[in-house]
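Written below as structure tokens is the structure these notes are about.
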Amino acid sequence: MGRPSLPMPPLRALLAPACAATLILIGAWTAGPALAQEMSTVHSGGRVEINAHGVCRRVHNGTEHGVMIPTKTAQEWATGGSSFLQNVPTGMTAYACVSPEVALRRWSRIGPPGQTGQPFTVNGADHGLTFTSVGVSTDGVTPSLVGNQIRYTPNSTRWRLDHLATALDTIPFEAIDSEGIAVQGSLKITLVGYDYGNAYLGFRHYSPLHPDIEYGDLGLDIPYDSKNGVRINMIFQLKQNIFDGMANFSGLMSLRFGTAHVIVIDNSTASMGAYSGPSVGDVNGDGASNTILDAQIRAALDFVDLMIANRQAEVGKTRIEGLDDPGEYMEISVYGPGNLGPSGSEDSGAEPIFIYTANATGAFVGQTNLTSYTSYRTSARSALLSIRNSGSNLNTSSVFSYLDGQIASLAPSYFTMAVHFLTPGTNSGTTPNLARFNQTGSGQLGTPVFAYYTGSNAASAQATFVAGLDHAGARRHLTSPAVFGAVTPPYPVEPAFRIAREVNGVYQHVRNPDGSIFYPDLVPMVQRGVYGFGFRLLPGTDTTCYAKNCQMAGVPTHLIQNYSGLLTLSGQTNRFEMQPIMFTNPIYRVHYDSNAALFNSGGVLWRLGFVVRGGYTALPPN
């Protein structure tokens, strides 16, 4: 037969003499239901969290015996002179309870489910906890509990937080701590709108003498003044506030290419013939009115005014707004007359013009003074209006033989050069060999000839002869002076840029779905030579924008979907680049530039536009 249960002795009979607190040793006795409701059991070596009468303590029993701690009243548990907490026995401890708080600060990778980082996870083991349940957050989000991980995707109302705006979301949870005690705690997440920790803004300046990488800041004025060579200034912003390989780009590019111009005026006997276009009068004051010579000089004067107008249109500031932070903008400033730089004075910056005559041979007449617009125009007019009929016949072979030597000495000082020849085409000598002018190979001048027929019959042998001198064989007929004066020769370099990531020293470019390299559109702005660009990379087909602004004001956003490239090895530091590129126009040979050899060999010149290193971006493999 089993041994009968003994009746529970009176509570006072179990008091330990050395302790005034009411404490029951657990041995052979078994507590009845009523007593269990008034006591908390702590076995030998055990830890129990007791929360009674508004006082919470974690009790550790380091004695050899289990004990039962009275908690029926506050007097017995905590506040009385003979309470347990006022008289903790030797071998036992009672520490204040702690409600664990897990804080994840400044989470700026917020976005919809399915994007990288959504949902993000909090691993209980990282905080000494084993999660047992998770509740609804203050933002109304119900995270999932998978294993020992809380998985959370922010509420959709938070996906478009304003720049640097914050929102706190708190998630309640229950867990077992490292001491095996059941606890209740909270996971606190500070959500942050588009942060510059995930953005990059700067500028790039290139010139023949200073091919440097430079970095700017918001609203930065970017100075440059150039007369010769190619100049590129860029200010741009990469925003990585949407993910899965998505990125927003905005920016401005300012371009300037220095081309020196050679104007050759035919003042041979044939130039005294009547001009068939609109009446121009006696331009040079030689007493003969409305001659071909008058029309040619008039056209050259118009060209001078065009060069000034082009330069005036380049000088100024272009600002783009409509980015993420209120008041934020990007601005490019080109210094010159009307927008003076820090020095307080600038020369005209207009492209130089050298003026020659053509008859039995060639002769230098004058050149533009670049000091100011006034001096530029005055010096050109003085040279052009001094031209008179030579009384000799045209010998183009002798003329271009002379010009060959002249241009060969000038060309090293200028990025590129172009020759503009105005003639009625009545040639008395042999046909010149213009290979050195119109070809760009090694040893060639690469100064394309733009030949204008100034006679009346565009179907004549003379007109055909003039077209044969033109670099493109074009029939350019000067039907009015404005035909020449309104024409601007093409830029010697065609600008573009591309996006790339460096992986183990190899550049992987963003490519279109068909495999071709993606070249974002450059949109001409009002200011001459300034272009805006804005585009978003979308590895998939979803075009949803989660930024406050996905494009800047005045520049349409170019979307590229299902792009390839930008593959990144796991754990590899990112090196993300936007590369300004310059394609040489094949009609020119580049002379004055530190990269002239690369231009002339047909290579594509590019420099690092910006580099986003690790810590700035974390675009994942796509």
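Here the gap between Thr138 and Ser99, fully extended at 0.36 nm per residue and compared with their Cα-Cα distance, gives a gain of 12.3 nm. Here r is the Cβ-Cβ distance between Ala309 and Leu168 and R0 is 56 Å; the resulting FRET efficiency, rounded to 0.05, is 0.45. The phi torsions of segment 529-538, fed into the Karplus equation with coefficients 6.51, -1.76 and 1.60 and a -60° offset, translate into couplings of x, 10, 10, x, 8, x, 7, 10, 8, 10 Hz, rounded to whole numbers, with Gly and Pro shown as x. Applying 1/(1 + (r/R0)^6) with r as the Cβ-Cβ distance of Gln444 and Leu559 and R0 = 41 angstrom yields a FRET efficiency of 0.45.
The amide H of Ala52, built 1.01 Å from its N in the peptide plane, has Arg57 as neighbours under 5 Å, considering only residues 5 or more places off or on other chains.
The overall shape of segment 40-96 is prolate: from the C-alpha gyration tensor, with semi-axes ordered a ≥ b ≥ c, the ratio a/c is 1.5 or greater and a/b exceeds b/c. For the peptides 510-517, 389-396, 437-444, 256-263, residues were scored by their other Cβ atoms within 10 Å and the scores averaged per peptide; the highest-first order is 256-263, 389-396, 437-444, 510-517.
With Cα atoms defining each centre, segment 250-293 and segment 406-474 are spaced 15 Å apart in the structure.
Here Ala288 and Leu598 are evaluated by their C-beta separation; at R0 = 56 Å the FRET efficiency comes out at 0.65. Working note: Karplus 6.51/-1.76/1.60 with θ = phi - 60° gives segment 511-521 the couplings 10, 5, x, 7, x, 6, 5, 7, 10, x, 5 Hz, where Gly and Pro are set to x. Remark: spin-label model distance Thr374-Glu64 equals 11.2 nm, labels positioned 7 Å along the Cα→Cβ axis. Remark on Phe583: its backbone amide H falls under 5 Å from those of Glu494, Ala496, a criterion applied only to residues 5 or more positions apart or on other chains, H modelled at 1.01 Å from N. Label separation (Thr121 vs Ile176): 2.0 nm, computed from points 7 Å beyond Cα along the C-beta direction. Compared with the direct C-alpha span, the chain from Asn155 to Tyr519 gains 127.4 nm at full extension, assuming 0.36 nm per residue. Amide hydrogen proximity for Met92: with H placed 1.01 Å from N in the peptide plane, the residues at 5 or more positions away or on another chain lying under 5 Å are Gly62.
Phi angles across segment 47-61 convert, under the Karplus curve 6.51 cos²θ - 1.76 cosθ + 1.60 with θ = phi - 60°, into 3J(HN,Hα) values of 10, 9, 9, 10, 10, 9, 6, x, 10, 10, 9, 9, 9, 10, 9 Hz, Gly and Pro given as x. The length gained by stretching the chain between Ala459 and Phe583 to full extension, at 0.36 nm per residue less their Cα-Cα distance, is 41.0 nm.
Any read-out appearing in this document is the output of simple, stated calculations on the displayed coordinates, not a laboratory observation. This structure is a prediction, so every number in the text was calculated from the model and none was measured. No Cβ is skipped: glycine too gets one built from the backbone with ideal geometry, and neighbour counts run over all protein chains shown.
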